[in-house]
1. Please say if region 247-354 is rounded, prolate or oblate, where rounded means a/c under 1.5 for a ≥ b ≥ c the square roots of the C-alpha gyration tensor eigenvalues, and otherwise the choice is prolate for a/b larger than b/c and oblate otherwise?
2. Keeping to pairs on different chains or 8 or more places apart, tell me how many lysine pairs in region 105-257 have Cα atoms under 20 Å apart.
3. Check region 432-543 and count each lysine pair with an alpha-carbon distance under 20 angstrom, considering only pairs eight or more places apart or from different chains.
4. So if R0 is 30 Å, what FRET efficiency would LYS519 and LYS105 give, r being the distance between their Cβ atoms, rounded to the nearest 0.05?
5. Tell me which of SER478, PRO184, GLY121 sits at the most positive position along the dipole axis of the chain, charges placed on C-beta atoms (Lys, Arg +1; Asp, Glu -1).
6. I need the calculated FRET efficiency for the pair ARG372 and SER59, taking r as the beta carbon distance and R₀ as 56 Å, to the nearest 0.05.
7. Pick out, from VAL106, ALA269, VAL459, the residue whose Cα sits farthest towards the positive end of the charge dipole of the chain, with +1 on the Cβ of Lys and Arg and -1 on the Cβ of Asp and Glu.
8. Summing Lys, Arg as +1 and Asp, Glu as -1, what charge do residues with Cβ under 13 Å from the Cβ of LEU66 carry, LEU66 excluded?
Amino acid sequence: MKKKAYIGLTIILSLVLLSYTYTNDKYFLIAKNLDIFATLFKEVNAHYVDEVDPAELVSVGIESMLETLDPYTNYIPEEEMDQFRTMTTGQYAGIGVLVGNINGKVKVTRIYPGYSAEREGVLVGDEIISIAGEEVVGGSIPSIGHLLRGQPSSEVEMIIRRGTRGELVQVTLQRENIIVGNVPYYGMINPYIGYIKLEDFAVGAGREVKEALNDLKSKGARSLVLDLRGNGGGLLSEAVNVSNLFIEKGKPVVSTKGRIKDWNKTYKALNSPTDTEIPLAVMIDNESASAAEIVAGVIQDYDRGILIGRSTFGKGLVQTTRPLAYNAQLKVTTAKYYIPSGRCIQAINYNGEGSATYSESERVAFKTENGRTFFDGSGLTPDIEVEEQLYSALARKLSYEGYLFDYAIIFSEKYPHNGDIRDLVISDDQYGEFIAWIEDRNILYKTNMEGYIDDMMEVAKEELYFEQLSSEFESLHSSILERKDQDLINFKSEIKQLLENEVAGICKNYSGQIEFSFKTDPDISKALELLADNTAYRQILGF
């Protein structure tokens with residue numbers, strides 16, 4: 001017995017010593033490398049051939065170090081803390097507009113209701129000429145945002161150019177605390193189906209969705225479409241609050257697991273739900289991430305509703321902010337998310353040696369509450385997949401570079417629309433006027449096919465086949481150019497729809513674009529179809 005006790009004690013002491021040695025070795029390596037970095041920095045700063053900026057040198061070193069981890073572990077210097085707080089709280093002091101660079105001109109693209117810009121009559125489409133006496137033509141959007149923001153109650157003077165007549169208007173606006181809502185729009189798609197656009201998961205998201213849901217139900221909503229497309233996530237607590245609206249109190253929502261075991265936690269629904277029965281369609285796409293994926297995953301794992309659209313982004317990593325010296329912060333990944341079935345939604349493995357997607361053999365199957373099978377390691381797969389709308393090269397050019405936005409201003413002045421925005425239609429004659437306007441601008445664009453042919457020509461030159469094939473290449477180019485001349489006609493349907501959407505935004509702001517999409521959006525069409533068919537809806541969920 002004494003011998004056994006002696007052996008046991010020896011083993012325990014050996015483990016303690018090994019642990020102590022490992023810890024000491026680890027701290028020694030940290031101290032050693034920090035010492036190397038400090039002495040290297042001093043030598044470069046003192047002896048490099050040109051003058052160096054010490055702050056920039058250290059910042060680049062920090063960023064390069066963090067790049068070896070994952071894209072979400074970031075250094076936030078003191079001067080960027082205001083912007084970081086705006087992202088997490090949704091609050092800032094400004095005038096209540098969103099601006100964009102449209103063909104080199106700074107224009108108002110969205111107005112937040114209830115704030116100074118709306119009260120003083122600023123309109124979507126107005127071109128900003130100067131802010132506080134400083135010209136901003138062609139200026140960068142971040143610098144313009146800096147000019148517009150300031151202390152609450154301070155005033156800022158702007159000169160704007162309005163409409164096709166180019167009238168210059170001077171407005172004096174008061175900066176105020178702007179709270180960018182998480183729910184920019186909710187309403188009834190038809191007499192029985194409500195719609196909520198959840199754009200963010202900043203403070204108050206759960207409360208805003210609850211208020212919207214209750215209001216829609218009071219207006220007759222018997223089913224609900226929750227739109228999480230393009231939602232990049234936000235606060236974990238708000239993901240729990242939104243999920244809680246649709247599931248029973250006490251049910252697990254999400255678990256976090258990381259290297260520091262004491263930080264591991266399971267978050268449960270803490271409150272009584274708002275509605276556990278209303279049929280629910282959640283729309284997702286490849287830009288739905290993080291908190292949005294938690295909510296969609298909860299709905300899927302509990303078979304609480306159907307997911308419609310495209311696979312989500314796959315961000316299953318938890319970030320925590322840690323204070324640094326001189327009021328800086330480190331946003332560091334500390335854990336992974338696991339939704340109720342046990343799935344981790346992370347799609348990319350950051351292992352210190354680069355990054356890679358998980359292979360099919362690495363992905364594990366999990367069951368929903370009703371026994372439906374889904375796999376981890378690649379975001380969330382929708383219950384009903386709807387193909388993404390693809391647009392021609394011309395349509396993309398006209399949209400991305402603001403030509404449709406600019407013409408929508410012209411169209412709205414000439415053909416004002418004051419009724420239900422869903423009734424908006426651009427006639428063939430009106431589209432003909434647009435063609436005449438756009439042809440005067442001699443827009444140059446390259447199709448994907450032209451890009452492929454150019455690549456093939458380069459390969460042919462490298463492999464010495466170009467002279468033999470030059471006539472074929474020339475013929476292909478000529479054939480494509482002939483067809484491009486007819487692109488405004490051949491792609492009339494999609495260009496007209498995109499133009500109508502821009503006109504809806506000019507007429508009725510952001511809410512106008514959403515309401516117009518009710519009749520054109522294929523995801524919404526599929527949601528309406530399934531919510532109207534209770535048998536098909538229940539079959540998908542395994543009931």
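Please treat every number below as a calculation from the coordinates, not as lab data. None of the values given here were measured: they were computed from a predicted structure. Methodologically, a virtual Cβ is constructed for each residue, glycine included, from the backbone with ideal geometry; neighbour enumeration extends over all protein chains shown.
1. Because a/c hits 1.5 or more and a/b exceeds b/c, region 247-354 counts as prolate.
2. Values: LYS197/LYS210; LYS197/LYS217; LYS197/LYS219; LYS210/LYS219; LYS210/LYS249; LYS210/LYS251.
Pairs that pass both the separation and distance tests number 6.
3. On the way: LYS446/LYS484; LYS446/LYS492; LYS484/LYS492; LYS484/LYS496; LYS492/LYS519; LYS496/LYS508; LYS496/LYS519; LYS508/LYS519.
Lysine pairs meeting both conditions in region 432-543 amount to 8.
4. Working: r = 31 Å, r/R0 = 1.03.
That pair, LYS519 with LYS105, gives E of 0.45.
5. Of SER478, PRO184, GLY121, it is PRO184.
6. Details: r = 48 Å, r/R0 = 0.86.
Given R0 = 56 Å and the Cβ-Cβ separation, E is 0.70.
7. Value computed over the given set: ALA269.
8. Numbers: positive: ARG322, LYS331; negative: GLU63, GLU67, ASP70.
Neighbourhood net charge equals -1.
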